[in-house]
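Step one of this worksheet: look at the structure below.
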Amino acid sequence: MEERCIFLVDSWKTFTDQDSVIELKPEELEYEMLTISPKVQPLDVLCFRMHQGCFKKISDFVFLHDLPVQVHHRDVILRLHSLLNQQFQSPRFENLIAEAWHKSGYIDERFMYVNPAKFMFNKLKSSCLHENCRDIVVLVCGWCKARLCFHHFYDAHHLCTIYLP
């Protein structure tokens, strides 16, 4: 750690206990402790809401198309969240977190960001990218822009890291 740092803590009582911080910090370290308001959590304002919205769009797609996937099962939920989390890590969405801090009122600077839901779920009128696949597209990959059916996104674990601007 540097000689001076900012210690940003959640408003949960355990995190705001100054005595615990003083007890655990290196003696030579200078720090400023800032607490995030319990009413305005930056990731709740923008990122988590969008993530939940994308999850709902995919689970609704499963129900609408009567796919043989039990979206209420734990392993399915975990896999969908894992795949979506990987999509949200695309450089295309990198300013999303910064804008969340602005929308929460913590910083004045605005950031241009790409809305993941709009990017991934608009323009789905064509068929899947994979050869000989005529299935309906569920989303557009945030990394490589591939139009993917549910099978090629979910079953084939589309964990893409090839970024195409």
Answer residue from the range 8-23, given it is hydrophobic (A, V, I, L, M, F, W, C) and at pLDDT 80 or above and is nearest to Tyr106 (Cα to Cα) among those: Leu8
What is the residue count in the range 124-148 for residues that are closer than 23 Å to Gly53 by Cβ, without any contact (Cβ under 8 Å) to a residue 40 or more places away in the chain and not in a loop (DSSP other than H, G, I, E, B)? 4
Might you let me know whether the range 133-153 holds any residue that is surrounded by fewer than 12 Cβ atoms within 10 Å (Cβ to Cβ), over 30 Å from Asp10 (Cβ atoms) and of a type outside the set (Ser, Thr, Tyr)? yes
Output for the range 1-60, where each listed residue is in a helix (DSSP H, G or I), of a type in the set (Val, Ile, Thr) and farther than 16 Å from His81 by Cα: Thr14, Thr16, Val21, Ile22, Val45
Selection count where residues are farther than 27 Å from Pro116 by Cα, under 29 Å from the mean Cα position of the chain (by Cα) and loosely packed, with under 10 Cβ neighbours inside 10 Å, scope the range 7-52: 3
Taking the condition of being among the hydroxyl-bearing types (Ser, Thr, Tyr), more than 18 Å from Ser37 (Cβ to Cβ) and touching a residue at least 40 places away in the same chain (Cβ under 8 Å), how many residues in the range 79-107 meet it? 1
Just name the residue that is least open to solvent (accessible area, probe 1.4 Å) out of those in the range 70-107 that are of a type in the set (Ser, Thr, Tyr) and within 23 Å of Val137 (Cβ to Cβ). Ser90
Residues located in the range 75-104, provided they are in a loop (DSSP other than H, G, I, E, B) and touching a Pro at 6+ places or on another chain (Cβ under 9 Å): Ser90, Ser104
Which listed residue is out of contact with any helix residue (DSSP H, G or I) (no Cβ under 8 Å at 6 or more places or on another chain) and modelled with pLDDT under 95, from Gln89, Gln41: Gln41
With the structure loaded, tell me whether Glu32 is over 26 Å from Ser104 (Cβ atoms) and among the acidic types (Asp, Glu) or whether it fails that test. no
Hey, any hits in the range 108-123 for a residue that's buried (at least 18 other Cβ atoms within 10 Å of the Cβ), in contact (Cβ under 8 Å) with a residue 24 or more places away in the chain and small (Gly, Ala, Ser)? no
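The values are calculated or read from the model by the stated rules, or taken from the named source; none is laboratory data. In this text, all values refer to a predicted model and were calculated from it rather than measured experimentally. Neighbour counts are summed over all protein chains in view; Cβ atoms, including those assigned to glycine, are modelled from backbone coordinates with ideal geometry. Only protein heavy atoms, including side chains, enter the accessible area calculation; ligands, DNA and RNA are left aside. Shrake-Rupley method; radii C 1.70, N 1.55, O 1.52, S 1.80 Å.
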